[in-house]
Amino acid sequence: MTLPLANRTIEAIWRIESPKLIARLTGMVRDVGLAEDLAQDALVIALEKWEQVGIPENPGAWLMTTAKRRAIDLLRRMKVREQKYVEIAKNTDLFTSEDINDVLDEEIGDDLLRLIFMTCHPVLSQDARVALTLRLLCGLTTEEIARSFLVSESTIAQRIVRAKRTLNEKKVPFEVPVGEELIKRLSTVLEVIYLMFNEGYSATSGNQWIRPLLCQEALRLGRVLAEIAPNEPEVHGLVALMEIQFSRFKTRVNSKGEPVLLKDQNRAKWDQLLIRRGLAALERSRKLGRSLGPYSLQASISACHAIAPSTEETDWPKIAALYEALSRVMPSPIVELNRAVAISMAFGPAFGIQVVDELNSDPSLKNYHLLPSVRGDLLVKLGRYAEARSEFERAASLTQNERERILLLNRAMECEKGTSR
């Protein structure tokens, strides 16, 4: 069912503001599940109130104030209840009026980073950490997360519920750890920030192809993390990757919000400051003297695009080699799909399509829309327009993003013209 315009606007606001709300509330109540419930309460109030008086000028501040008030009311009720049980109170730090006022006046600061480290605690499985953080930090639905994990929605829902319960039962602290504890959680934290950035760079669903604020927040968190862990090359590698990718952001859509493919982007409008920052971060990663990890390798690939004057002048053999190295440290059918594109650009579409056809039997890519999209592109280059049209139509049926669906259907129509030439 299509939401009314006002509700779609509120949904967009919620996707932007909910991570900050949940992070801030978790800092207050020290329970991530409860924090999410309080944030949802604020959304329900907004739906009722804004329908009557309209959306306020600063909806994020409105939601934050409402959610804080709900949290403070809860803390006060908890205080009264705790005072009734003297024995419990002896072993419990109660909230004073001063505590509550301090909480109300505090800024968000890096609560989002604390929340990421909290949800990436080793008491949770790797899959549970990523699923929970995608839910809380990116505002993805369980359906969207299930699609990215290639599992059922019920599996993801149960995973998230159990994860929140475990964090509460184990009393996992809301903090950025230090020393060895930080290093143990670092790989998952990097993965979550990377997924957060990717969701902003190419939205899983909805009417917009990009979510700039999500990318900006992921990049900011990455930069903060680089200050906290300056001797970890993969932190700098991830920052490099995000800096360079974000440099192309303004050229990824046209004035109508329609996607613009890499080959069609105006490279003169790429942000050179972000590119320089990205290249500098990549150099810092390399100078630490360890083998390049997955983020540094991906940043190296992005750097090849960033320094090339055009698609044709890009060093595609080097990119293909970098994807080969990436496939060794991070084996993945999606990496192989990207390698196929690089091979096609370096050595011709006939070589690229051989790799793609081998991936057709991979069950994890059965419903992955970029597989038929890439195959369609290669078929166009081979002049096999009828087959290409079928691939683009299949890709359009699989994507959940409306902008991308339209792009793919337009490419299918272009193939129809190609068959008549």
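The values are calculated or read from the model by the stated rules, or taken from the named source; none is laboratory data. The structure displayed is predicted, hence computed values, not measured ones. No Cβ is skipped: glycine too gets one built from the backbone with ideal geometry, and neighbour counts run over all protein chains shown.
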Enumerate the helices (runs of 4 or more DSSP H) found wholly within segment 107-203, keeping only those where 2 or more residues are touching a Cys at 6+ places or on another chain (Cβ under 6 Å). 179-201
Given Arg162, Arg211, Arg185, which one is of a type in the set (Lys, Arg), buried (at least 19 other Cβ atoms within 10 Å of the Cβ) and more than 16 Å from Lys20 (Cβ to Cβ)? Arg185
Where Tyr368 falls short, out of the listed (1) modelled with pLDDT of 95 or more; (2) aromatic (Phe, Trp, Tyr); (3) under 23 Å from the mean Cα position of the chain (by Cα): (1)
Could you please give the count of residues in segment 284-308 that are crowded, with 19+ Cβ neighbours inside 10 Å and in a loop (DSSP other than H, G, I, E, B)? 2
Between a residue in segment 118-136 that is hydroxyl-bearing (Ser, Thr, Tyr) and any residue that is crowded, with 22+ Cβ neighbours inside 10 Å and in a loop (DSSP other than H, G, I, E, B), which pairs come within a Cβ distance under 8 Å, given they are 6 or more apart or on different chains? Thr133/Cys120
Please work out if Val224 is surrounded by fewer than 19 Cβ atoms within 10 Å (Cβ to Cβ) and assigned to a helix (DSSP H, G or I). yes
When segment 375-404 is examined, which residues are found to be part of a helix (DSSP H, G or I), under 22 Å from the mean Cα position of the chain (by Cα) and either at pLDDT below 95 or under 17 Å from Val341 (Cβ atoms) (or both)? Ala395, Leu398, Glu402, Arg403, Glu404
Report yes if some residue within segment 270-290 is basic (Lys, Arg) and within 22 Å of the chain's Cα centre (by Cα); otherwise report no. yes
Check whether at least one residue in segment 168-182 is among the aliphatic types (A, V, I, L, M) and in contact with a Lys or Arg (Cβ under 6 Å, 6 or more places away or on another chain), and report yes or no. yes
In segment 245-283, the residues that are among the charged types (D, E, K, R) and either in a helix (DSSP H, G or I) or free of Cβ contacts under 8 Å to residues at least 60 places away in the same chain (or both): Arg248, Lys250, Arg252, Lys256, Lys263, Asp264, Arg267, Lys269, Asp271, Arg276, Arg277, Glu283
Being in contact with a Leu (Cβ under 7 Å, 6 or more places away or on another chain) and over 18 Å from Ala35 (Cβ atoms) narrows it down to one residue among Thr155, Thr204, Thr188, Thr166; which is it? Thr204
For segment 296-321, pairs from a residue that is in contact (Cβ under 8 Å) with a residue 60 or more places away in the chain to a residue that is of a type in the set (Asp, Glu) and crowded, with 16+ Cβ neighbours inside 10 Å, with Cβ under 7 Å and 6 or more apart or across chains, are Ser296/Glu234
Scanning segment 309-329 residue by residue, those of a type outside the set (Ser, Thr, Tyr) and crowded, with 20+ Cβ neighbours inside 10 Å turn out to be Ile319, Ala320, Leu322, Leu326
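Results for (1) surrounded by 15 or more Cβ atoms within 10 Å (Cβ to Cβ); (2) at pLDDT 70 or above, shown as yes or no for each residue.
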site: Pro4; (1), (2): no, no
site: Trp14; (1), (2): yes, yes
site: Ser18; (1), (2): yes, yes
site: Ala23; (1), (2): yes, yes
site: Lys49; (1), (2): no, yes
site: Arg76; (1), (2): no, yes
site: Tyr85; (1), (2): no, no
site: Lys90; (1), (2): no, no
